[in-house]
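The next block holds one structure in the form of structure tokens; read it before the comments.
The values are calculated or read from the model by the stated rules, or taken from the named source; none is laboratory data. All figures in this text were calculated on a predicted structure; none of them were measured in a lab. FYI the Cβ positions are ideal-geometry reconstructions off the backbone, even for glycines, and counts take in every protein chain you see.
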Amino acid sequence: MQLDSLPFKEALLKALDATFIKQETKIVMIDDALGKVVAEDLFVQKNLPSFDNSAMDGYAFKAKDAGKQLKVQKSIFAGQKAKATLKEGECYKIMTGAQVPCDADTIAPFEKCSDISDEMVTLPKEIKKGANLRLKGEETRVGELLFTKGTLLGYAEIALLAAQGITALKVFLPLKVAVVSSGNEIREPWEEASEDEIYNANAFGITSLLRFFGFDASYVGSIPDDLGSTISFLADIKSYDVILTTGGISHGDADYLYRAFIANGMKPLFHGIAVKPGHPTMMGIMDDTFVMGMPGNPLTTMVMTHALSLPLLFKMQGNNKVHHNYTLAKMAQSLNFRAKRTHIVIGSVEDGIFYPTNGGKVGSGMLKPLAQSSAFAYFDATKESVEEGELLKVVMMHDQTRSKTFELLNK
């Protein structure tokens, strides 16, 4: 079987075009909404702020009285309803968040004032009208769009929902992802393993990665290197939204997964990408289930799941931003690449510098380098080298922010 060599970006965009948003939704309370995706547009129900209020502890006054010595008429605290009672030559003492009466238009913080006593205060001369005053509705106004359908809810979004008095909302159901391992040599971590057997790191690493990004991922088992058993196993898990497998997709005599998926009706999108690591990666659609076949080498399967699978899953989850965001960092060292394929280099960013793990020399079967890394960079297939000090686009592995476009290749 000859593998494809589809360019990485072409493979990603082709798979994105073929993905479908799962439409199942449910109502959740906001304390269970973290990491969920909004399933309908949400609109502002309450002005923020809902009244004019002070941004500082200080004195509220008319701007025309700047520089004057004024009488302190009364103190206003947060939570009090403030009535307009100022007379000529007076001001209010006011606390942060307190309502500002309509007859005051400027706030002077305590530290900018002088000659302070319980009864009198001298205001600063140089202060702009409206200083330190938060106006009603300056942040959001009733009827404005709060969140669009497809917004990923982080802690800031949850806080904004609570500030609107929104306690329940419609979200997309988390994608159900079945994680499958393959290989006669695989043993579970709780089993005894001989020296020629390996523990199942892939399944637990991938499942954890997917859960970190909000997906309902479950490890459903490991299948032996047997075509009949593999066909039956896959037929039993077609109810999942996504099946993600590790291993068994190359062109070895014992690599049965591709044939087993075909036997179950899978229509392949591609099988083979011009990328290192991850050449044998496969994608396809089997009835209503999206199939993601990852190579078996641990570092490769983790990197490709992060780099390729996550954007597809984000789209299927209903996100309106599906691509990884990037930060800019300078390359710590020079590296040479084999042309005609995209290279993904893992590393870490410190003080604006990207350091390739182990100097860029890591094996696809390794795990420790991945645990030592917090970022990765894509290098275009046309790029044969990168120089020390070169400015790069770098993806932070734990970054939850997204972009609407794929702009990650360093060329």
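Scan the stretch 321-351 for residues that are surrounded by 17 or more Cβ atoms within 10 Å (Cβ to Cβ), assigned to a loop (DSSP other than H, G, I, E, B) and in contact (Cβ under 8 Å) with a residue 60 or more places away in the chain and jot them down. So that I can check it myself, show each step before the final result.
To start, the set of residues in the stretch 321-351 that are surrounded by 17 or more Cβ atoms within 10 Å (Cβ to Cβ) comprises 321-324, 326, 329, 331-332, 335, 337, 341-349.
Okay, now just the ones that are also assigned to a loop (DSSP other than H, G, I, E, B), so 321-322, 326, 332, 337, 341.
Scanning the stretch 321-351 gives K321, V322, Y326, R341.
A quick yes/no check of all residues on (1) among the hydroxyl-bearing types (S, T, Y); (2) under 28 Å from L152 (Cα atoms); (3) over 30 Å from the mean Cα position of the chain (by Cα):
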| position | (1), (2), (3) |
| --- | --- |
| D216 | no, yes, no |
| G228 | no, no, yes |
| I231 | no, no, yes |
| Y240 | yes, yes, no |
| T245 | yes, yes, no |
| A263 | no, no, yes |
Name, by its number, the condition in (1) farther than 24 Å from K125 by Cβ; (2) more than 47 Å from the chain's Cα centre (by Cα); (3) among the polar types (S, T, N, Q) that does not hold for Q99.
(2)
Which one is nearest to P49 (Cα to Cα), of the residues in the stretch 69-100 that are part of a loop (DSSP other than H, G, I, E, B), out of contact with any Phe, Trp or Tyr (no Cβ under 7 Å at 6 or more places or on another chain) and in contact (Cβ under 8 Å) with a residue 40 or more places away in the chain?
G97
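Any idea how many residues of the stretch 267-299 are in a loop (DSSP other than H, G, I, E, B) and of a type in the set (D, E, K, R)?
Total meeting the criteria: 2.
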Residue within the stretch 119-142 that is at positive phi, of a type in the set (S, T, N, Q) and either modelled with pLDDT of 95 or more or within 24 Å of the chain's Cα centre (by Cα) (or both) present:
yes
Close pairs (6 angstrom Cβ cut-off, 6 or more residues apart or separate chains): aromatic (F, W, Y) in the stretch 138-151, outside any loop (DSSP other than H, G, I, E, B) and surrounded by 13 or more Cβ atoms within 10 Å (Cβ to Cβ) anywhere:
F147/V38; F147/L42
Counting only residues that are surrounded by 16 or more Cβ atoms within 10 Å (Cβ to Cβ) and at pLDDT 95 or above, how many does the stretch 26-35 have?
3
Single unsatisfied condition, S222 versus (1) buried (at least 19 other Cβ atoms within 10 Å of the Cβ); (2) under 30 Å from F337 (Cα atoms)
(2)
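Please indicate, with yes or no, whether at least one residue in the stretch 370-385 is touching a Leu at 6+ places or on another chain (Cβ under 8 Å), among the aliphatic types (A, V, I, L, M) and not assigned by TED's automatic domain parsing to the domain that holds L34. Reasoning before the result, please.
So the first thing to find is which residues in the stretch 370-385 are touching a Leu at 6+ places or on another chain (Cβ under 8 Å), and the list is 370, 377-380, 385.
If we keep only those that are among the aliphatic types (A, V, I, L, M) as well, we get 370, 377.
Filter once more, so that each one left must be not assigned by TED's automatic domain parsing to the domain that holds L34: 370, 377.
Yes - at least one qualifying residue is present in the stretch 370-385.
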Hey, Q317 over 18 Å from E407 (Cα atoms), of a type outside the set (G, A, S) and under 14 Å from the mean Cα position of the chain (by Cα) or not:
yes
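Quick check on the stretch 352-372. Is at least one of its residues touching a residue at least 60 places away in the same chain (Cβ under 8 Å), part of a loop (DSSP other than H, G, I, E, B) and of a type in the set (K, R)?
Here is the first cut: in the stretch 352-372, the residues touching a residue at least 60 places away in the same chain (Cβ under 8 Å) are 362-367, 369-370.
Narrowing the set further to residues that are part of a loop (DSSP other than H, G, I, E, B) leaves 362-367.
With the extra rule that they be of a type in the set (K, R), the set shrinks to none.
No.
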Select from the stretch 4-38 the residues that are of a type in the set (V, I, T) and assigned to a helix (DSSP H, G or I) and list them in ascending order.
I30
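Which of the strands (runs of 3 or more DSSP E) contained wholly in the stretch 161-266 include at least 1 residues that are more than 22 Å from M304 (Cα to Cα) and in contact (Cβ under 8 Å) with a residue 12 or more places away in the chain? First the steps, then the outcome.
Numbers: elements: 168-172, 176-182, 216-223, 242-246.
Fully inside the stretch 161-266 and qualifying: 168-172.
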Which numbered condition trips up R402, out of (1) without any contact (Cβ under 8 Å) to a residue 40 or more places away in the chain; (2) basic (K, R); (3) closer than 28 Å to K315 by Cα?
(1)
